Amino acid sequence: MTPPFPSRVLITGVSNPLGAEVARRLAPQVPWLFGCDVDDPVSANEDMDFVHADMRQSVIGKLVRRLRIDTVVHLAVIVDSGRGDRATHETSVIGTMNVLAGCAGPASSVKRLVVKSSQAVYGARPEYPSVLAEEMASLGRGESSITRDLIELEQLSHDFALRNPECRVARMRLGYRVTRETSLGRYLSQPLIPTFAGFDPRLQLLAEEDAAEAIALAALGKQEGAFNVAGDGVVLLSQAITIMGARSVPVLPPYAGWASRMAIRSTTGVRLPSHLAEVLMFGSVVDCARLHQEFAWKPAHSSRAAIDLFAQGKSEDVIEAPSPPQEYELQRYLQRRKRERRHGAGHAALTAGP
Amino acid sequence: MSRDTVAVYTDAPRVRRRHSRDAKVVTPAPGLRMPRAVRRLRRNAPMYAIQGLSDLSTRLRELTGREIIDMNRVMELVQFAYQQQQLAKRGANYVVDDFGFDAEWTESFLPIFKALYRDYWRVETSGMEHVPSSGRTLLVANHAGVLPWDGTMIKTALFVEHPHPRHARALVASLFMGMPFLSWFLRRTGQTVGHPDDTRRLLERDQLVLVFPEGVRGTGKLYADRYKLRRFGRGGFVSTAIRAGAPIVPVSVVGAEEIYPMIADVPALAKLMGLPYFPVTPFWPWLGPLGMIPLPSKWRIQFHEPVHVEVHPPEAADDQNLVMALSDEVRDTIQQGVYDNLKLRRGVFI
């Protein structure tokens, strides 16, 4: 009898909200779930073993071999950040190189690799086709640093897939997401939104839960290659602003991307990555036909539904979440308890309960 | 009236309120409330104005025996204003397609383009029966005039003259898709970037696609070179049509060459401003914005018999020999159509 596949899954970058959601979805479906990140987990998950590990070091290979991981879900990729370009490059490209090196080799136990990427891999230019298919990723040389990093890491994953035919690699290009954590979400949450004069770009959005579902499906599946993941349909920026109950202030000069980003940062405090400045001028829409066909699944929320969800959630009060260290402690405790239950009848008296 | 009908009527507003997502209580704006008579007058003012104008129109017709004020045209303008008001009210509750096309918004501008079509350029259109009522079709036309007014007139013709009005989706040079305001207007009214992939996608959605293979070489030619068709690209439009299985309908336009008689081009200025050409006409740039008003030449548009490229298998799209031959066939049809229509036109402005 062959063991069920996947049986031992490792999620990197599990401490961001998307990673936590993917872990929550995968937990009931796989026997062994491991997660690693540099930061403490954001929410407790008793079915997951958490390891502190830095992707930028080669420890990941050791981890993969020791734990005999067969499926790696690589989510420690920065797809949206206004932080320093160098730090982003370190995490995205060097981190991915380490993960790939850890999974490589003929003796490797890894048979499935899912890499998170983003719609940002295309960038946005006026001369690009209106609807971007998967093979159009490197139309330009990458105007912004995130686009360049994503192109590079996708190239690395592609090369890895060619050299290691026994490992199936899927690259999930997630659409732009609007949450409190993403730059686009923070940008749209302002009461007055500075926009580029004379532009009303088409935006294609992806709801957070659809993103997590797509990654989880990919982890359990066999599909290979790059996949665009985004909601159906298009929302114009002006529509999105109206839905968010905000007002647009079309004052930003066109083409002056850097100056405009500075202006947005000084007026609203939102650090807009440079690829988003391009998207806010020229728009970005992708073709998800491959995803629909090969996964026989499509995101439950359209682009319009994604922004509606965000707009409705905006006014709700956020329930104060426990601080991460507490969460971490709680998780450690739950795991210890679970392990004790599983192993020793001798401890049964100590952990009495149903 | 039965009791059921009454029940339906009384139920209606409650049901609607439950389904509306962003229902909010509308309170009257605080401030001075006008007396009832003033409010009524303000509400009815547009109606009174139209009535007065209509009376005046009838009186003038009786006096002179000619139509001085055409009430149909006036009503079209009123309708335009009303539609704009209605469009402003829809907020974010509308849908654009993947290319950013907003059909409702586009149709609201039709009265203006119809007025240009009928009264300004007095366009005479023939061969509309060659444009199918449904299904994918590629319209190929000659391009002239400094600004693409010929595209708008072909689109208007399809809406005014065709028994089943259709939106033509024109392909625009990528240069214009990067320009503020212009790109916004073009996308919103159904245009998209001139990329083979966009053409394929639109044809696969059974749309009517309008392409000008001459591109800016056509619009940027001098008045002395008028009605001499330029090279039709590399025949890329034929390959795309063969792959998508769409017939090609050649369209010849006469009249667009004279709207801005371009006597010279200043390449240095064009390069400086990032434009494909910088035109000099008798009025531009000397008169400033007034120089952008197109001249009222007499136009003729002819839709020719389709060239059925869809009979070829998709692999034929890679046969450069066949593609160039078909491209030349389309070009010759248009060139011949241009000459025919020039003969039929009595003069440039009549």
Using alpha-carbon positions, what is the distance between the centroids of the stretch B:78-96 and the stretch B:147-175, in Å?
22 Å
Between 0 and 90°, nearest 10: helix B:149-160 axis offset from chain B longest Cα axis
60 degrees
From the convex hull of the Cα coordinates of the stretch A:95-253, what is the mean projected area in square nanometres?
10.3 nm²
Length gain on complete extension for the stretch A:Leu139 to A:Ala107, per 0.36 nm per residue less the alpha carbon to alpha carbon distance?
7.9 nm
Using a Gaussian network for chain B with springs between C-alpha atoms less than 10 Å apart, which of these wobbles most: B:Asp332, B:Asp119, B:Asp98?
B:Asp98
Nearest-0.05 FRET efficiency for B:Arg166 and B:Asp70 at R0 = 22 Å, using Cβ-Cβ distance, is 0.20
Name the trypsin sites (Lys or Arg not before Pro) in the stretch B:46-129 that are in a loop by DSSP and that have at most 12 other C-beta atoms within 10 Å, would you?
B:Arg66, B:Arg90
Normalised radius of gyration for the stretch A:155-203, please: alpha carbon Rg relative to 2.2 N^0.38 Å, two decimal places.
1.89
Which residue, A:Leu75, A:Leu192, A:Leu217, has the most motion in a Gaussian network model of chain A that connects Cα atoms within less than 10 Å?
A:Leu192
Got a sec? How would A:Thr96, A:Thr195, A:Thr268, B:Thr64 order by Cβ neighbour count within 10 Å, fewest to most?
B:Thr64, A:Thr268, A:Thr195, A:Thr96
Stokes-Einstein diffusion coefficient of the stretch A:8-316, Kirkwood radius over Cα pairs, 20 °C, 1.002 mPa s, in µm²/s:
109 µm²/s
Positive end of the charge dipole of the stretch A:8-316 (Lys, Arg +1 and Asp, Glu -1 on Cβ, about the Cα centre): tell me which of A:Thr179, A:Ala76, A:Val9 has its Cα farthest that way.
A:Ala76
The extension gain from B:Ala224 to B:Ala268, computed as 0.36 nm times the residue separation minus the Cα-Cα distance, is 13.8 nm
Cross-link list A:Lys222/A:Lys298; A:Lys222/A:Lys338; B:Lys114/B:Lys221; A:Lys116/A:Lys338; B:Lys114/B:Lys228: which exceed 20 angstrom alpha carbon to alpha carbon?
A:Lys222/A:Lys338; B:Lys114/B:Lys221; A:Lys116/A:Lys338; B:Lys114/B:Lys228
Relative contact order for chain A: what percent, with Cα pairs under 8 Å and sequence separation of 6 or more?
19 percent
Along the dipole axis of the stretch B:69-131 (charges at Cβ: +1 for Lys and Arg, -1 for Asp and Glu; origin at the Cα centre), the most positive-end residue among B:Ala92, B:Leu77, B:Ala115 is B:Leu77
Among DSSP beta bridges whose residues both lie in the stretch A:8-316, state the antiparallel percentage, nearest 5.
5 percent
Under 13 Å from a point 7 Å along the Cα-to-Cβ line of B:Val348: which residues of the stretch B:277-294 have their amide N that close?
B:281-283
Taking Cα atoms only, helix A:303-314 is inclined relative to the longest principal axis of chain A by an angle, in degrees rounded to 10, of 80 degrees
Nearest 10 degrees, 0 to 90: helix A:324-343 Cα axis against chain A principal axis
30 degrees
Rounded to a whole number, the Stokes-Einstein D of the protein assembly as shown in µm²/s (Kirkwood radius over Cα pairs; 25 °C; 0.890 mPa s) is 83 µm²/s
Mind putting a number on the dipole of the stretch A:8-316 about its Cα centre? Charges go on the C-beta only, +1 for Lys and Arg and -1 for Asp and Glu, and I need it in Debye to the nearest 20.
300 debye
Which one, A:Leu205, A:Ala216, A:His89, projects farthest toward the positive side of the charge dipole computed for the stretch A:8-316 from Cβ point charges (K/R +1, D/E -1)?
A:His89
Report the FRET efficiency, 1/(1 + (r/R0)^6), for A:Trp258 and B:Ala37, where r is their Cβ-Cβ distance and R0 is 60 Å, rounded to 0.05.
0.50
Based only on other Cβ atoms within 10 Å, what is the fewest-to-most ordering of B:Phe212, A:Phe282, B:Phe185, B:Phe278?
B:Phe185, B:Phe278, A:Phe282, B:Phe212
Per residue convex hull volume, Cα atoms of chain B, in Å³
254 Å³
Within the stretch A:273-304, list the residues whose amide N lies under 11 Å from a label point set 7 Å along Cα→Cβ of B:Glu204.
A:287-290
Could you work out how far apart the two model spin labels at B:Arg234 and A:Gln57 are, taking each label as a point 7 Å from the Cα in the direction of the beta carbon, and quote it in nm?
5.3 nm
222 nm [θ] for chain A, helices only, -39500 (n - 2.57) per DSSP H run of 4+, per residue, to 500?
-11500 deg cm²/dmol
Which of A:Arg141, A:Arg173, A:Arg261 has the fewest other C-beta atoms within 10 Å, and how do the rest follow up to the most?
A:Arg141, A:Arg261, A:Arg173
Restricting the stretch B:37-77 to GluC sites (Glu not before Pro) in coil, as DSSP defines it, with at most 14 other Cβ within 10 Å
B:Glu67
Once every DSSP H run of n ≥ 4 in chain B is given -39500 (n - 2.57) and the sum is divided by its residues, what mean residue ellipticity at 222 nm do you get, rounded to the nearest 500 deg cm²/dmol?
-13500 deg cm²/dmol
With +1 on the Cβ of every Lys and Arg and -1 on the Cβ of every Asp and Glu, the dipole magnitude of the protein assembly as shown about its Cα centre, in debye rounded to the nearest 20, is 1760 debye
Relative contact order, percent, the stretch B:179-258 [alpha-carbon distance under 8 Å, six or more residues apart]
30 percent
Considering only chain B, percent of DSSP beta bridges that pair antiparallel, nearest 5:
30 percent
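Throughout, read-outs are computed from the coordinates displayed, never taken from laboratory work. Everything numeric in this text was worked out from a predicted model, so none of it was measured. Every residue, glycine as well, gets a Cβ built from its backbone with ideal geometry; the counts of neighbours run over all protein chains shown.
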